[in-house]
């Protein structure tokens, strides 16, 4: 019987262990690739998707951190020079909405605050929240290089993001445009398409008599902004009207509208004839560009009808709709009303229905940039896991629209430009000074808009590595971008676009996409439903290791998972099993060390080693092919059901027998299997494996599992 560390005689306590172990890792310096032993040569790099610095981590963050840490720990053990760069995202619009809720509870409004006052308050709030977020990242065991941490509002990041805008402008890829944008009437800002959520809604479809036509619309209140009637050029019902003007009756007057033919009109929708309101519909705006139609804005920024709506001015959209319909019915102009189920875009933060508005904004020309990204993927420079996401990526790249990058909020990176409010022209702020006269007779002023947060985070792989400084660009392109599947059309394309545009290389070779983490019933977590599961609460209760392995086993790439507390509790039992098995093996190891040459082995011993060799090969293959769920599952079952339930039980009679040679062989086999499986389990459950590794007997002192070599088959 051997002497084992006193700690193994007590039950495993994650709370008493994890903080101490993480401090040990940090102090070792091995999170920094510059400090790794000489065998670590070829770089292996992951840029952490920067969590929002406005609150605690949610389970999606926990899954991202777990999967990326698994990759980093595995490749570090394989001898790669691993760099995992952590960061924090200021998260522009999202953080400002979080802070606005705080202001509302305090009876305050951002619209009654000075810009600098609001900015300073949000900065203080964000920096405080950032500390808690980073503590959460540490609590999950992330072995990232904190010495290289970046914040998306670090001065160097702000400067380089603005420089990218200047480069785009001078390359004729950024421009100031006057066109329809998605407008949130609650938050008073424009939003990009990826900041809206499409919701299924049933509205009324009104069939309005419009001169010789009947048009179908869900928005009769915009009738005052109508400038044309559109039909499909192939629709035989309306051929005689194309190119003509017809007289139609409004609730207050009659007007003349031109009839246009456009292939975008769906013959099967309604009557096949549409009223065209370019100022309040994206598709109608595109038609106005094609057919040179005027644009009449009749709804203001607050979602109320303006003076062009006559007696309806000042009414909110819903109220105006009701009154306009009533007046049309009184005039005998409503032919019929039907229920109509359709998709309506809404603000993703407040669910307010988006109001298309024509506004002067900054845009990025996406077509030429997206083509380069699509070409890179088609050439095999980026691999998607699972591979069906490649088609989704290419669809978005092949069907882009220009990207509105300006936001009417305080919190974010300022757009380095001047604008003339009289003619809406925009110029770079280093080309001209504020106060300079514009040819239109106006004056150039500092642009108060900020960048869409995806503009800076789209440059993240480069900015996180200190671009344009070349010091850390040896780690670029990075190896893997691991993130949620919902970012396939939000963040992933922008990173690929900016990587190619700024550095001429894709930012990563592999994109690994995980699904959403739902509650135990498979429903989306939300505060309103009261079903949000806190990863930190689970970690406090069961330990980070139990949460980590519970998030991974059974979790196939790209698919949603259901998370229950019982599942995490079950993996806490697994950690206890590891602890108890290690205590048994080390107690019976005597004076033997992990480094001891093997004694004479029986045929059964050889069989056990051969089976272990197969496990090493299988698990390694799973890791190399991003099948982490299978690697974890195989190790879990092997350790519990083969090693603990079968092998240890087989060895007990030999260990208690009188045959010293058999005792030595049995103890050696157990120690080797335990050491090997502990190494392979380390990426999944790093805290308990590091703590157990410290109890293993070695010839040499001070060996950390975090830099041990991966087992060879």
Open item on the list: Need one number: nm distance between label points at residue 186 and residue 509, each 7 Å from Cα along Cα→Cβ, rounded to one decimal.
Closed with: 4.5 nm
TODO: At a temperature of 25 °C and a viscosity of 0.890 mPa s, determine how fast region 548-623 diffuses translationally according to Stokes-Einstein, using the Kirkwood radius over alpha-carbon pairs as Rh; express D in µm²/s, rounded to the nearest whole number.
DONE: 153 µm²/s
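Highest first, please rank the peptides 67-77, 234-244 by the mean number of other Cβ atoms sitting within 10 Å of their residues.
Result, highest mean Cβ count within 10 Å first: 67-77, 234-244.
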Task: Exposure proxy order (Cβ contacts within 10 Å, fewest to most) of 556, 353, 185 - done: 556, 353, 185
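Please give the contour-minus-distance gain from residue 656 to residue 28: 0.36 nm per residue of separation, less the Cα-Cα distance, rounded to one decimal in nm.
222.1 nm
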Task: FRET efficiency for residue 15 and residue 128, using Cβ-Cβ distance with R0 set to 25 Å, rounded to 0.05 - done: 0.50
Open item on the list: Counting other beta carbons within 10 Å of each residue's own, what order do 406, 437, 192, 288 fall into, fewest first?
Closed with: 437, 192, 288, 406
TODO: Compute the distance in nm between two label points, each set 7 Å from the Cα along the Cα-to-Cβ direction, one at residue 104 and one at residue 335.
DONE: 4.2 nm
Task: Global size of region 98-198 as Cα Rg and Dmax, reported in angstrom - done: 18.1, 49
Task: In degrees, nearest ten, helix 155-170 long axis to first principal axis of the chain (Cα) - done: 50 degrees
Task: region 496-523 residues near the modelled residue 379 label - backbone nitrogen below 18 Å, point 7 Å along Cα→Cβ - done: 496-511
- [ ] Take the alpha carbon atoms of region 534-557, find their center, do the same for region 210-263, and report the distance between the two centers in whole angstrom.
- [x] 59 Å
Open item on the list: Test of understanding: ordering 551, 609, 630, 331 by Cβ neighbours within 10 Å, fewest first, what list do you get?
Closed with: 331, 609, 630, 551
TODO: Between residue 302 and residue 560, take the C-beta separation as r, use R0 = 30 Å, and let me know the FRET efficiency to the nearest 0.05.
DONE: 0.20
Task: Length added when fully stretched, residue 640-residue 399, from 0.36 nm per residue minus Cα-Cα - done: 81.7 nm
TODO: Report, as a whole number in µm² per second, the diffusion coefficient that Stokes-Einstein gives for region 190-355 at 37 °C and 0.692 mPa s using the Kirkwood radius over alpha carbon pairs.
DONE: 199 µm²/s
Open item on the list: Restricting to DSSP H runs of at least four residues, report the calculated mean residue ellipticity at 222 nm for the chain, -39500 (n - 2.57) per run over all residues, nearest 500 deg cm²/dmol.
Closed with: -12000 deg cm²/dmol
Task: C-alpha long axis of helix 115-139 to longest principal axis of the chain, angle in ° - done: 30 degrees
- [ ] Working from Cα positions, state the angle (0 to 90°, nearest 10) between the long axis of helix 565-587 and the longest principal axis of the chain.
- [x] 20 degrees
Open item on the list: Quick check: residue separation of residue 154 and residue 529 times 0.36 nm, minus the Cα distance between them. What number comes out in nm?
Closed with: 131.4 nm
Open item on the list: Given points 7 Å out from each Cα along the Cα-Cβ axis, report the residue 116 to residue 520 separation in nanometres with one decimal.
Closed with: 5.4 nm
- [ ] Any chance you could list the semi-axes, whole Å, largest first, of the equivalent ellipsoid that the Cα gyration tensor gives for the chain, using √(5λ)?
- [x] 61, 27, 23
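Report the rotationally averaged projected area of region 290-384 based on its alpha-carbon convex hull, in square nanometres.
Computed as one quarter of the Cα hull surface, the answer is 11.5 nm².
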Task: Calculated FRET value between residue 42 and residue 471, using beta carbons and R₀ = 30 Å, to 0.05 - done: 0.95
- [ ] Consider a paramagnetic label point 7 Å from the Cα of residue 388 along Cα→Cβ; state which residues of region 540-568 have an amide N under 17 Å from it.
- [x] 555-562
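Values in this text are rule-based calculations from the coordinates and carry no lab data. These numbers were taken from a predicted model, which means no experiment stands behind them. Ideal geometry is used to build each Cβ from the backbone, glycine not excepted, and the neighbour counts take in all protein chains shown.
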